[in-house]
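First the structure, in the form of structure tokens, and then the observations on it.
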Amino acid sequence: MAHFMISAAHKSSGKTTVSIGLCAALANRGLKVQPFKKGPDYIDPLWLGQAAGRVCYNLDFYTMPGHEIDTLFASRIADADVGVIEGNKGLYDGLDIDGSNSNAALASALNAPVVLVLDTRGMTRGIAPLILGYQAFDTDIHIAGVVLNSVGGSRHEGKLRHVIEYYTDVQVLGAVPRNPDLQIVERHLGLMPSNEADAAQQRIDAIAGHVQNNVDMDALLQIAARASTPVVQRQQQTEIGQRLRIAYARDAAFGFYYPDDLQALSAAGAKLVPFDTLKDSRLPDVDGLFIGGGFPETSMQQLAANTGMLESIRSFIEQGGPAYAECGGLMYLARSIEWQGQIASMVGVIPADVKMHQKPQGRGYVRLCETSGHPWPSTAGGTAEVLAHEFHYSGLENIQPGLDYAYQVKRGHGIDGQNDGIIYKNLLANYSHMRNVGSNQWASRFVAHVDACKNQAND
């Protein structure tokens, strides 16, 4: 199946904007475009998925073994015409010195030709040794072409093309002129989520037109056609009836969910019921509650004003309703949020206050060990450790002493550098973002928890 990877020499090269434009431009041709994003990320996939018209899936070496990456990739690209994989950071950047976690490693594993997006600001002749160095560093990686980004004009473009053609054998697929009007507004977690950005589709359409007019799309498709998809053995899944109703917040304040995690919840027997924390007056009639990450601080006054929803969630949890919250969801369940000199009251079931900071309080991959107090049923064989990620500018203050925690933090920050996963009645709330993979089947465990709570309530 045709596919390629978009990478760069370093982060902030414009590869996400180019990737969004390529996904939309290819979809506008009538092609079924399947987007993927390397690493743990919620925001870029929202944009890529909206641009392509198909859900974007994350491929992450830290939380997923190689065979799970192969299986996910092959299964999602099977009915597509072309796959677009957006890397993170630079092509050779990663956790380990051997590059086992790098974009290059993913490109190699998926047999993906690489298209480098190069930020050309301030560059002319120096672009040649950059390209040559990237080619020579790992000869097993096929750098099939480059897209020159932030080009200063036709004269600048001409110099760059001449240098590349003279010194290298790499194809120049396009030159995208600098256009600040097409930049997506950045925020502390990266790009502003597409579910929140004003006129997101209009912005995507404008980016698509800009990229399409300046990139040789036919040449790009020819490169993609030379790729081969890993062959994996399809696993049969046992269908389980959706016997439980689980509400999940999906609105401008909360939108950070991995699509395969939601699919895993459904496969485990949950009927997912979306609700809006900003507009709905109360929770729907459900057996469980899931509040994922997001930016509750930007909507905190509106969240605070919706007292009906605050009371409904508070009542559900206080009465023993099973609930799970991650990061932004944890913030929402605390007593208050303080941001930009203002304080707003939140649900209040977590005895702590949230304060936003200028710098990240927790950032990157985490490694957790479950405590004996973890409220969810264990999977077969138990869970020795949990690999997850966090990225939060907020921290908890005025934490009530004596709280029970579900995790000890071995790497990362969590709540306080030592603990994560506050347990209150049948609620579990942590800063860490989980990923439902073979080694951490949190979705089925949470559904089992909801089921057990429901059965207990009916006894």
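Mind listing just one residue for me: the one in the range 390-408 that is closer than 17 Å to P360 by Cα and without any contact (Cβ under 8 Å) to a residue 60 or more places away in the chain and, of those, surrounded by the fewest Cβ atoms within 10 Å (Cβ to Cβ)?
E397
Just the residues that are assigned to a helix (DSSP H, G or I) and either touching a Phe, Trp or Tyr at 6+ places or on another chain (Cβ under 7 Å) or among the β-branched types (V, I, T) (or both), please, taken from the range 311-341.
I313, I317, G328, G329, L330
Scanning for something surrounded by fewer than 20 Cβ atoms within 10 Å (Cβ to Cβ) and assigned to a helix (DSSP H, G or I), does the range 82-99 turn up at least one residue?
No, that holds for no residue.
With touching a residue at least 24 places away in the same chain (Cβ under 8 Å) and assigned to a loop (DSSP other than H, G, I, E, B) as the only criterion, which of P360, P351 stands out?
Details: P351 fails: assigned to a loop (DSSP other than H, G, I, E, B).
Unique residue meeting the criteria: P360.
If you go through the range 164-182 one residue at a time, do you hit one that is under 24 Å from the mean Cα position of the chain (by Cα) and either at pLDDT below 95 or surrounded by 19 or more Cβ atoms within 10 Å (Cβ to Cβ) (or both)?
yes
Conditions: (1) buried (at least 16 other Cβ atoms within 10 Å of the Cβ); (2) at pLDDT 95 or above; (3) out of contact with any helix residue (DSSP H, G or I) (no Cβ under 8 Å at 6 or more places or on another chain). A136 meets all but one. Number of the miss?
Exception for A136: condition (1).
A quick yes/no check of all residues on (1) under 14 Å from the mean Cα position of the chain (by Cα); (2) surrounded by fewer than 21 Cβ atoms within 10 Å (Cβ to Cβ); (3) within 24 Å of F391 (Cα to Cα); (4) assigned by TED's automatic domain parsing to the domain that holds A112:
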position: S7; (1), (2), (3), (4): no, no, yes, yes
position: A25; (1), (2), (3), (4): no, no, no, yes
position: Q34; (1), (2), (3), (4): no, no, no, yes
position: K38; (1), (2), (3), (4): yes, no, yes, yes
position: D41; (1), (2), (3), (4): yes, no, yes, yes
position: W47; (1), (2), (3), (4): yes, no, yes, yes
position: V55; (1), (2), (3), (4): yes, yes, yes, yes
position: D60; (1), (2), (3), (4): yes, no, yes, yes
position: P65; (1), (2), (3), (4): no, yes, yes, yes
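Among the residues of the range 8-34, how many are touching a Lys or Arg at 6+ places or on another chain (Cβ under 7 Å) and outside any loop (DSSP other than H, G, I, E, B)?
Residues meeting the conditions: 3.
Anything in the range 118-140 that is among the acidic types (D, E), closer than 16 Å to G90 by Cβ and assigned to a loop (DSSP other than H, G, I, E, B)? List them, or say none.
Scanning the range 118-140 gives a single hit, D138.
What is the number of the single condition among (1) outside any strand (DSSP E or B); (2) under 20 Å from the mean Cα position of the chain (by Cα); (3) surrounded by fewer than 22 Cβ atoms within 10 Å (Cβ to Cβ) that L387 does not meet?
(1)
Tell me which residues, restricted to the range 296-337, are aromatic (F, W, Y) and surrounded by fewer than 23 Cβ atoms within 10 Å (Cβ to Cβ).
Result: F316, single match.
With within 22 Å of the chain's Cα centre (by Cα), at pLDDT 95 or above, crowded, with 21+ Cβ neighbours inside 10 Å and at positive phi as the only criterion, which of G421, G412, G362 stands out?
Result: G421 is the single residue among G421, G412, G362 that is within 22 Å of the chain's Cα centre (by Cα), at pLDDT 95 or above, crowded, with 21+ Cβ neighbours inside 10 Å and at positive phi.
Take G308 and decide whether it is assigned by TED's automatic domain parsing to the domain that holds F254, more than 19 Å from Q361 (Cβ to Cβ) and in a loop (DSSP other than H, G, I, E, B).
The answer is no for G308.
Is one or more of the residues making up the range 424-440 of a type in the set (F, W, Y), surrounded by fewer than 23 Cβ atoms within 10 Å (Cβ to Cβ) and at pLDDT 95 or above?
Yes - at least one qualifying residue is present in the range 424-440.
Hey, among A112, A144, which residue is within 13 Å of H3 (Cα to Cα), in contact (Cβ under 8 Å) with a residue 12 or more places away in the chain, small (G, A, S) and part of a strand (DSSP E or B)?
Exactly one residue qualifies, and that residue is A144.
The values are calculated or read from the model by the stated rules, or taken from the named source; none is laboratory data. Everything numeric here is computed off the predicted structure, so don't read it as measured data. Virtual Cβ from ideal backbone geometry, glycine too; neighbours counted across all protein chains shown.
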